[in-house]
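Asks: Quick one: structure below, then a few questions.
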Amino acid sequence: MCFTGIKGAGLVMYGGTCPVNRGNGLRLDKCFLSADHCSWLIGIALQYNECIALLENVMLNFTLKHPGRRLLMILAYSVLAAWAILIGPAAVRGAAGERLIMGPSYTNDPEGLVLIPNAALPHPVGYNVSIGWVARGHYQNGYRSLTHGRWYLQAMRWGKHSGISRMQWWIGPSQWLHIQWQRIAGTSIAVAQLSADQTTKVVLECYPSWPGYAAAYRADKNGMVGQVRAGQSASPGFLLTPSRSADAVVTADDARSFAAGVVQGGSAATGKSAEYAGLVFTITPGHPLRFVAALSTDQAAAAGKLASARRILHDGWTGYAATRPHASGDWGDFISPIGLAANDSIVYVPGFHNICGTVVRGWCVPDTAVLFNWDSFFNSMMLSVNDRKAALWLVRRQLAGIFHFQMEDGMICDYSNWLRGYLHWTPRQPISPDR
């Protein structure tokens, strides 16, 4: 039997047999603290271990030299413990309440962007932007099409307030597309640039992501506007503004009709309001397409950011390249792929209403988020290679995500949240992580 936990916190976990998944699992046998407390204490252990070690050394030396002052040491540790237990959880709840989600968080679209104004609402809306293309007379988009040939990530780092994605993929033997997204720090606006090495028909498509998250889009040749549908919680609108007018507009009520509309050339007229909407462009070498995606109804503000898109993208990539971890020597730059792969595994979990680390994105297509205790935690902790602050935030989200799918009998299964009935033992009514 293997024990793990936080000494003195009353948290004890032990290996056992999970009657739900018929395999090994973890049972939360004793927990005197809530999930908020536990995640905060783990955050302290990760972020402030150097400070705690320094405090211990100082206090130890102090009491050795002044044995009569042990009471002062006890008081200092008591204050630290009180701060961790009483103040800490509020900070964690504040982090969890930061529910504006921006990033490539929809499993099927690592090249795209999802904007969720407030995931904490009972019925949130998700504006999902995907990059499609026409190859050999067929419309293609999504993870399977994108990864069918060669592809690689150059940048992938998204946190609470900033983010960057940069990737390239081949759509033919010698034909590729390249995309960079850059969130303007502290805003709900992202700029992007899409380029190609050959003349290519591409589509900026907005389509439904998770069940219940679909928005209603209206498109014309100058851009798209998204709004919530009946029954969804109120939230800001959505704008997609390109740097030039589209060749055609496509709207449809389902994916098959949308793909057929793209191949047939779309329409030059304003499309109807629909769940599937897209702008069709022809891009050529040396003439990239730039565009802005924003949670806003302010067309003027979006146009202003679009005018500065080239500088924003350049500064974003330069800053990322200057701060990303890298290595050299006999192993080459083995660090960069670790950070990129870890970031690529972070997707949105509808049942949790937040993002979380998965086992690997390819296992979760099109819209699931499979959580493996070991793999998911390891991926989240590896993010410290890229961004320590973002990693701590994600590790806390990871802990809360695992607790979210805790069973009623206390078991925390080795893996969970395999949606659409692929695994029948996924909890159907997960309990709150604060229970």
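The values are calculated or read from the model by the stated rules, or taken from the named source; none is laboratory data. Computed from a prediction, not measured in an experiment: that's the story for all the values here. Please note: Cβ atoms are built from the backbone with ideal geometry, for glycine as well, and neighbour counts cover all protein chains shown. Calculation scope for accessible area: heavy atoms of the full protein, side chains included, ligands and nucleic acids excluded. Shrake-Rupley method; radii C 1.70, N 1.55, O 1.52, S 1.80 Å.
Asks: In square angstrom, what is the accessible area per residue of segment 98-196 with a 1.4 angstrom probe?
Replies: Averaged over the residues of segment 98-196, the accessible area is 32 Å².
Asks: Just to confirm a number: summing +1 for Lys and Arg and -1 for Asp and Glu over residues other than residue 241 whose beta-carbon lies under 12 angstrom from that of residue 241, what do you get?
Replies: Every neighbour counted, the sum reads +2.
Asks: Among 243-252, 106-115, 203-212, how do they line up by average Cβ neighbours within 10 Å per residue, starting with the highest? Please list the in-between numbers first.
Replies: On the way: 243-252: 19.5, 106-115: 25.8, 203-212: 22.0.
Put in order of decreasing packing, that is 106-115, 203-212, 243-252.
Asks: Further, regarding this structure: Residue by residue through segment 135-150, which ³J(HN,Hα) values in whole Hz follow from phi under the Karplus form 6.51 cos²θ - 1.76 cosθ + 1.60 (θ = phi - 60°), with glycine and proline marked x?
Replies: Result, rounded to whole Hz: 9, 6, x, 10, 7, 10, 6, x, 4, 4, 5, 5, 9, 5, x, 6.
Asks: Still on this model: Estimate the FRET efficiency between residue 308 and residue 187 by the formula 1/(1 + (r/R0)^6), using the beta-carbon distance for r and 22 Å for R0, to the nearest 0.05. Before the final figure, lay out the partial values.
Replies: Details: r = 13 Å, r/R0 = 0.57.
The calculated FRET efficiency here is 0.95.
Asks: Around residue 361, with a cut-off of 13 angstrom between Cβ atoms, what is the net charge of the other residues, counting Lys and Arg +1 and Asp and Glu -1?
Replies: Summing Lys and Arg as +1 and Asp and Glu as -1 gives -4.
Asks: Gap in Å between the Cα centre of segment 212-290 and the Cα centre of segment 130-158?
Replies: Value for the Cα centre distance between the two parts: 18 Å.
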